[in-house]
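The values are calculated or read from the model by the stated rules, or taken from the named source; none is laboratory data. Computed from a prediction, not measured in an experiment: that's the story for all the values here. Ideal geometry is used to build each Cβ from the backbone, glycine not excepted, and the neighbour counts take in all protein chains shown. All accessible areas refer to the heavy atoms of the entire protein, side chains included, with ligands and DNA or RNA removed. Shrake-Rupley method; radii C 1.70, N 1.55, O 1.52, S 1.80 Å.
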Amino acid sequence: MTLFLVFRRPLVSLLSALLDRMGQLKRLKAPWGVEAEWFEESVEEVEESAEGLPSQKSPDYVGRPESTPTDDIALELASIDPAAAVVTAFIRVERAAVNLLTAMGESVTRSPMVAVRKSERVDPYLKSLILDLSQLRNAAAHHREIDISMETARKYIDAANAAVRELELTTVGAQDDEF
C-alpha cells in the first residue's frame, strides 16, 4: 500500500498513457494465454486495400498477375506452413519496392521497408498497403503462437501479388519518366 501511495502519480500517468494507446492496439496477449485474434481480420483489411489499388480498377486488369516461382512456392507452403507462405510472399513485395525506389533514384541502404516509409515519392495508399503487409509478415515470422489458416495465407498472397503488380507498374512509369 505504501508503494502505491509513493508511486501513485507515475502509475496514474502510465495508466493514462496506456488507455490512450488502446485504440491503436491490434494484438493483446495476456499472461494466461488469452490472445486477441487480429491476424485474419488484418489480412482481410489488407485484401480490401489491395482491391482499391489503381491497377486493380483498371479496365486492362485481367485478374491475378502471372504466376512466378515465388508464388508457386508460397501457395504450396500455404498448405504446409501458412506462416512460411506469408514470409515467402513478402519477398516479392520487398524486391519490387527496391526496384521502384531505385527507378525513382532513391537509395536503399538499409531495410527496404525503412526506405519505403521515408520515401515521399511512393503513393501514400500503396505505401500504407506495403507497410501493412510488412507488419503482418513480421507477425507471421516472429509470433509462432498466431494460428494462420491456409485460406488466410492465400488471401495474404493475393494481396501481396496485387501490391507487387502495382509496384511493377509504377516502376515502369518511373522508368518512362526518366527518358
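A few remarks follow.
- Judged by the gyration tensor of its Cα atoms, with axes a ≥ b ≥ c, the stretch 109-168 is oblate; a/c meets the 1.5 cut and b/c is at least as large as a/b.
- Ranking by accessible area, most exposed first, for L136, L75 with a 1.4 Å probe: L75, L136
- In this calculation the C-beta distance from E76 to S111 is compared with R0 = 25 Å, giving a FRET efficiency of 0.35.
- Table column - 3J(HN,Hα) (Hz), the stretch 93-106, Karplus curve with 6.51, -1.76, 1.60, x for Gly and Pro: 4, 4, 4, 5, 5, 4, 4, 5, 4, 5, 5, 7, x, 9
- A 1.4 Å probe over all protein chains sorts E40, E45 by accessible area into E45, E40, starting with the largest.
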